[in-house]
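The structure under discussion appears below in the form of structure tokens.
The values are calculated or read from the model by the stated rules, or taken from the named source; none is laboratory data. It should be emphasised that the depicted structure is a prediction, and the values quoted were computed from it without experimental measurement. For neighbour counting, all protein chains shown are included, and Cβ atoms are generated from backbone atoms with ideal geometry for every residue, glycine included.
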Ligand SMILES: Nc1ncnc2c1ncn2[C@@H]1O[C@H](COP(=O)(O)OP(=O)(O)OP(=O)(O)O)[C@@H](O)[C@H]1O
């Protein structure tokens with residue numbers, strides 16, 4: 001992960017989520033109450049044994065002022081009932097509070113991390129697999145939830161257990177306290193040592209999850225290519241390799257954390273044996289009351305057995321910690337293309353200017369080398385040029401998916417870096433080379449940029465994009481489901497829906513990147529006629545390989561290896577007899593005079 005990762009992720013989380021502190025404190029209080037109520041029955045057993053053995057001299061008799069042993073036992077039973085009720089109620093409250101806390105943090109963190117990710121630059125998304133981002137948003141957030149739901153209350157219970165049982169021992173016999181507690185330092189030191197060993201192992205597990213998730217997402221997206229090239233076996237092996245790496249990372253972590261369990265059990269055995277043996281000898285010598293002895297034996301059990309769970313808790317803690325680190329690292333990735341604060345007066349006119357623009361990707365070479373270009377408001381301009389000449393890169397700058405390395409991009413005379421997103425992208429509509437359809441109806445997809453549009457407006461936009469006929473021919477018309485698990489559309493149909501989506505937005509600037517490349521010539525001619533009407537009231541910047549698409553543009557800019565080499569109307573460029581004219585002849589099948597010579 002590219003951003004800095006906090007050394008103490010859970011502490012950093014605590015600092016961030018102040019809103020949950022009250023609920024956390026309440027959950028701790030309920031867990032504490034529950035633990036206290038949990039220990040009391042053991043004390044009551046001791047008191048009952050004391051009543052039976054010592055009769056009128058019993059502690060219960062002295063404290064309650066009741067003489068009859070039957071009545072004393074009755075009182076003990078009544079107290080027990082109350083304690084059980086408190087125990088059950090506080091258990092319920094603690095469960096609800098811890099779970100609510102875990103799910104609240106999970107929900108907030110997931111939404112926050114998703115929102116941050118969607119605001120991160122296109123270049124960030126392009127530089128990593130979507131599967132790995134998905135692993136953070138889904139899997140890592142779930143791990144943290146599990147820790148907060150199960151791990152954190154378990155840690156608290158263990159600590160409370162040690163303190164409460166320790167208090168009972170301390171009040172009864174310091175010798176027994178020391179004996180019963182001998183395993184504790186061993187376990188604490190062991191935990192610290194193991195925790196340090198486990199930390200990098202779990203970080204590796206989380207990285208392996210991200211790799212696996214990335215590989216799976218990429219393969220599922222490319223399943224048609226896998227099938228077409230009969231690469232199923234190869235891909236199965238590749239996924240098996242990535243999955244093995246995950247299994248190995250997990251195995252190493254589990255092997256280490258499991259090794260901790262026998263250590264804890266040996267220490268516990270030592271503590272328990274000491275209490276049993278030395279406590280029993282004390283009773284025989286008359287130094288310790290029988291009732292107290294039975295309580296202490298129970299208490300030792302109560303103290304020590306939950307400690308066998310320490311390894312599991314440590315496991316949850318380390319997984320939660322590693323996941324939190326990844327989530328916080330995602331949240332710490334800075335937005336390198338931040339929104340400006342200037343709002344443009346409406347309606348936006350739509351004048352686009354590029355002034356001395358030099359641009360490229362990451363650490364790569366320049367793709368655009370000092371481009372100057374002006375599109376007056378309301379005009380339709382085209383950008384043509386060989387593949388890889390930088391046409392899409394130029395459009396990305398207009399939409400401000402990236403910022404130029406040098407020079408400025410202006411909308412209505414304002415540097416796009418100063419404009420807020422609503423003024424900049426809010427006044428634009430964009431049809432990308434590969435059209436994306438969201439899961440939903442055709443109408444939902446067309447109305448994506450203006451969800452409040454009426455059905456009539458949606459139909460009119462589809463009509464303008466020559467999509468109405470094919471939409472109405474589908475089973476449910478505009479209510480037909482598309483996108484994931486919906487009907488599959490042809491490339492040309494998708495493009496027309498994307499165009500309808502763009503037109504419905506009534507943009508000031510329409511940006512089309514090969515928006516009609518997948519439709520046949522006849523449909524394209526129909527779309528062009530509609531577009532000429534639709535673009536009367538807006539600026540349009542159109543990239544197309546098929547020159548017939550752009551011959552009516554007010555101005556055509558020819559890009560060659562990131563530089564504008566020619567510009568003019570279709571007729572001017574033909575008259576100039578340069579690269580554009582040569583390309584036109586190739587596309588229209590006219591004989592090339594140079595070749596004929
Ligand atoms: N996201 C990206 N990251 C890195 N390099 C990129 C990226 N997109 C494009 N490039 C590079 O920038 C150069 C120009 O690409 P661009 O997509 O702008 O060309 P184009 O003229 O639109 O090509 P085409 O007609 O094939 O769509 C190419 O060399 C390409 O490899």
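For every residue, the table says whether it meets (1) part of a helix (DSSP H, G or I); (2) over 26 Å from residue 483 (Cα atoms); (3) over 25 Å from the mean Cα position of the chain (by Cα).
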residue: 212; (1), (2), (3): yes, no, no
residue: 227; (1), (2), (3): yes, no, yes
residue: 230; (1), (2), (3): no, no, yes
residue: 233; (1), (2), (3): yes, yes, yes
residue: 240; (1), (2), (3): yes, yes, no
residue: 244; (1), (2), (3): yes, yes, no
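Checked against the criterion of being in contact (Cβ under 8 Å) with a residue 60 or more places away in the chain and surrounded by fewer than 19 Cβ atoms within 10 Å (Cβ to Cβ), the candidates 258, 245, 218, 240 yield just one match: 218. Exactly one residue out of 317, 293 is without any contact (Cβ under 8 Å) to a residue 60 or more places away in the chain and either crowded, with 20+ Cβ neighbours inside 10 Å or part of a loop (DSSP other than H, G, I, E, B) (or both): that is 293. Within the option set 407, 390, 413, being at positive phi, within 13 Å of the ligand (Cβ to nearest atom) and either touching a residue at least 24 places away in the same chain (Cβ under 8 Å) or over 27 Å from the mean Cα position of the chain (by Cα) (or both) holds for one residue only, 390.
For the range 526-551, filtered to residues that are in a helix (DSSP H, G or I) and within 16 Å of the ligand (Cβ to nearest atom), the residue that is farthest from residue 347 (Cα to Cα) is 547.
Considered as a group, the residues in the range 264-281 that are surrounded by fewer than 19 Cβ atoms within 10 Å (Cβ to Cβ) and in contact (Cβ under 8 Å) with a residue 60 or more places away in the chain include one that is nearest to residue 315 (Cα to Cα), and that residue is 270.
Cβ-Cβ distances below 6 Å connect the following pairs, each with a first residue in the range 362-378 that is under 13 Å from residue 397 (Cβ atoms), a second residue that is in a loop (DSSP other than H, G, I, E, B) and within 10 Å of the ligand (Cβ to nearest atom), and a separation of six or more residues or different chains: 367/390; 367/562; 368/390; 368/562. The residue that is nearest to residue 218 (Cα to Cα), counting only those in the range 126-183 that are surrounded by fewer than 18 Cβ atoms within 10 Å (Cβ to Cβ) and within 16 Å of the ligand (Cβ to nearest atom), is 130.
Taking (1) surrounded by fewer than 23 Cβ atoms within 10 Å (Cβ to Cβ); (2) closer than 28 Å to residue 483 by Cα; (3) modelled with pLDDT of 90 or more in turn, residue 376 satisfies each apart from (2).
Being out of contact with any strand residue (DSSP E or B) (no Cβ under 8 Å at 6 or more places or on another chain), away from the ligand (no atom under 16 Å from the Cβ) and under 30 Å from residue 535 (Cβ atoms) holds for only one residue in 347, 306, and it is 347.
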